[in-house]
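Worksheet for the structure shown next.
We did not get these values from a lab; they are worked out from the coordinates using the rules stated. Source: prediction; values computed, not measured. Cβ placement follows ideal geometry from the backbone for every residue including glycine, while neighbour counts extend to all protein chains displayed.
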Amino acid sequence: MPRTTALIAGAAALLTAVLLTACRPRPAAYAFSSVPVDGWERGHVLTFPIDTLAGAGTYRLDVCLRTSTARPYPFRTLWLEVRRRLGTGGRTQADTLACNLTNAKGDPDGRGVSLLQYDFALDTLSLPAGTAGTITVRHIMSRDILQGISDVGLRLTPI
């Protein structure tokens with residue numbers, strides 16, 4: 001009898017895990033671009049093309065970062081300029097994003113071991129079906145070259 005109970009409990013836990021992961025919306029766009037860990041130059045603009053969206057809806061735009069623990073990022077905050085041109089209107093919108101990478105004690109807030117992952121919500125967008133465009137990201141720190149950032153990414157997820 002105890003073996004049967006353990007099997008049922010295990011099956012229930014597996015089913016719960018599958019249902020929880022299956023209910024999350026799949027990103028409409030999710031991509032990373034690598035930057036040299038030795039230094040991300042201020043003039044180096046990262047470009048992310050957004051392919052044609054299949055459906056109209058409300059989307060959450062997140063900027064994702066990965067930092068290296070081998071060569072830590074030397075500051076608490078990373079300031080980014082994010083420019084987006086979406087749709088046929090051709091209008092460009094620029095946002096400034098402050099990415100806090102450490103807590104008040106100076107400990108990293110990211111998840112991971114050798115690379116720390118961070119996700120920062122930028123905006124909520126109402127987009128029609130067929131929307132396509134480009135999003136660019138660059139750092140706007142006072143230093144010309146930043147060390148410790150290994151990857152920058154974007155995620156556009158329906159909500």
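So how do 33, 150 line up by other beta-carbon neighbours within 10 Å, fewest first? Write down the numbers at each step before the final one.
Details: 33 14, 150 21.
Exposure proxy ranking, most exposed first: 33, 150.
Quick one: order 139, 44 by neighbouring beta-carbon count within 10 Å, fewest to most.
So the residues, fewest neighbours to most, are 44, 139.
In which sequence would 99, 64 go, from the one with the fewest C-beta neighbours within 10 Å to the one with the most?
Placing the least packed residue first, the sequence is 64, 99.
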